[in-house]
Each structure stands twice: as C-alpha cells, then as structure tokens.
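Below is one structure, written out as structure tokens; the observations come after it.
The values are calculated or read from the model by the stated rules, or taken from the named source; none is laboratory data. This one's a predicted model, so the numbers in the text were calculated from it and none came from an experiment. Methodologically, a virtual Cβ is constructed for each residue, glycine included, from the backbone with ideal geometry; neighbour enumeration extends over all protein chains shown. Ligands, DNA and RNA are excluded from the accessible area calculation, which covers all protein heavy atoms including side chains. Shrake-Rupley method; radii C 1.70, N 1.55, O 1.52, S 1.80 Å.
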Amino acid sequence: DVKVTQSSRYLVKRTGEKVFLECVQDMDHENMFWYRQDPGLGLRLIYFSYDVKMKEKGDIPEGYSVSREKKERFSLILESASTNQTSMYLCASSLWDGAYEQYFGPGTRLTVT
Amino acid sequence: QKEVEQNSGPLSVPEGAIASLNCTYSDRVSQSFFWYRQYSGKSPELIMSIYSNGDKEDGRFTAQLNKASQYVSLLIRDSQPSDSATYLCAANFGNEKLTFGTGTRLTIIP
C-alpha cells in the first residue's frame, strides 16, 4: 500500500511566523504535490515537484515555497504566515507512469492566528 | 482552461438504492480519470481509476467512461450510510497533474 505521511495533523501558528509542513512518501514516487483545500473552493494546487530539486508553481504559489532535497520528502514553507493561509493542506504523490494516480496524505489543518 | 465539473449536490439517496454521481470534463485529450471519496475532515481516498471507454466494476462501485460525450460517472450499488461523503472526480489532461472537480456531497438516508 502507498503510504504518504504528513508531519502534523493540526498546527496553530501566529501571524508572521515561518511554517514548515513536511510530507514523506514510501513508494518511490517521482511526483509530489501540495494542495490546499477550502470550503467551496475545492482542491487548489500550490506547488508540485517531478524530481529531486525540481519544482513548478501551481495555481496559487504566492506566499509559499517548497523544497525537495530527497525523492521521498517534499516540504511546504510559509515564509510569513498570514490568517488567509488558514486551511487544510494536503500532500499527494504519484508515479511517472502516464496514469498519474495520486495518493494523499492525511492532511494538516493549519490555523494562523 | 481545462476543467472538470460536478454537481455539488447535496445528493440524497435512500439506503440500499443506487447512487449515481456524474462528472464532465472539457478536453478530449484526457486519458485517465479518477474518483476519490472524502469523508468530512479527512483527506481524499482513491476509490476508482478508469482509462478506457466502458464500465469498470470494483465491488459495489462501477465507474463509467464515455470519451465521445466527455463524461465519467460513478455508480454505488446497495448504498450504505458509510458511503455518505464528498466524491471528487479528477482527470489527467496529458501531464503529471490532475484537475479536480469541486466534489459532490452524497448523503445516504437510513
């Protein structure tokens, strides 16, 4: 079974703090993704990575950065957290196989106060 | 803009009946299609993948794909209260990413 884990299920941070969200997958997947999910807005892609040290912006990259130093690990960084970044953050991974089935981690519910 | 559209619902179905969820997509390039189930407060879980026209069955779930009409559907037979969730449709438009619909909320009424 594919397993994607995220560092925290719930996180509370203050405005202006630097926030790190970590994601680890154990299936040797090439592709990794960070989404945020908000009521009524669905899943929105923040960044994705198709290889170590490679990244591409998604639909809403502003205020975020990412790091992928190892194949199994993909980190999302909020440089200076703001209240409008309060959301559910979801990590996913997929194989580079043409089908691109994505498997999600459990999610991190981030609250910025 | 390549899109995946779903009726947001809510869709209410009596227990034991067939629940039918529909999804349309905008681009004929799409090769692979997925259905995810998401319980409230949880992450999406992949339940079906379909790549060719026709039906694909897995237990109580059947995915149907019609590429000419650009729609994909999910049928849930013998619906159970545990099937109450939001169902997300997703399509791959020829690259590494998936485009997700906004989801249909399904409620099974005991």
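Brief remarks follow.
- Scanning region B:1-21 for residues that are open to solvent by 70 Å² or more (accessible area, probe 1.4 Å) and touching an Asp or Glu at 6+ places or on another chain (Cβ under 9 Å) gives B:Lys2, B:Glu3, B:Glu15, B:Ile18.
- Listed here are the strands (runs of 3 or more DSSP E) enclosed by region A:13-82 that have at least 1 residues being among the basic types (Lys, Arg): A:31-38, A:42-51, A:54-57, A:64-70, A:73-78.
- Condition met for B:Ala63 (touching a Phe, Trp or Tyr at 6+ places or on another chain (Cβ under 8 Å) and closer than 24 Å to A:Gly107 by Cβ): no
- Hits in region A:75-101 (condition: at pLDDT 95 or above and in contact with a Phe, Trp or Tyr (Cβ under 7 Å, 6 or more places away or on another chain)): A:Ser75, A:Leu76, A:Ile77, A:Leu78, A:Tyr89, A:Leu90, A:Cys91, A:Ala92, A:Ser93
- Summed over region B:23-43, the residues that are in a strand (DSSP E or B), touching a residue at least 60 places away in the same chain (Cβ under 8 Å) and more than 14 Å from chain A (Cβ to nearest Cβ) give a count of 1.
- Test: residue in region A:71-85 that is among the charged types (D, E, K, R), closer than 29 Å to B:Gln1 by Cβ and open to solvent by less than 40 Å² (accessible area, probe 1.4 Å): no
- Restricting region B:66-104 to residues that are acidic (Asp, Glu) and open to solvent by less than 50 Å² (accessible area, probe 1.4 Å), the residue that is farthest from B:Ser52 (Cα to Cα): B:Asp83
- Among residues of region A:59-74, those that are in contact with a strand residue (DSSP E or B) (Cβ under 7 Å, 6 or more places away or on another chain) and at pLDDT 95 or above, counted: 11
- Summed over region B:45-95, residues that are in a strand (DSSP E or B), among the hydroxyl-bearing types (Ser, Thr, Tyr) and at pLDDT below 95 total 1.
- Single condition A:Asp1 does not satisfy, out of (1) part of a loop (DSSP other than H, G, I, E, B); (2) in contact (Cβ under 8 Å) with a residue 12 or more places away in the chain; (3) surrounded by fewer than 21 Cβ atoms within 10 Å (Cβ to Cβ): (2)
- Verdict on A:Leu90 being out of contact with any Pro (no Cβ under 6 Å at 6 or more places or on another chain) and crowded, with 17+ Cβ neighbours inside 10 Å: yes
- Extreme residue, surrounded by the most Cβ atoms within 10 Å (Cβ to Cβ), among residues of region A:95-113 that are more than 7 Å from chain B (Cβ to nearest Cβ) and polar (S, T, N, Q): A:Thr108
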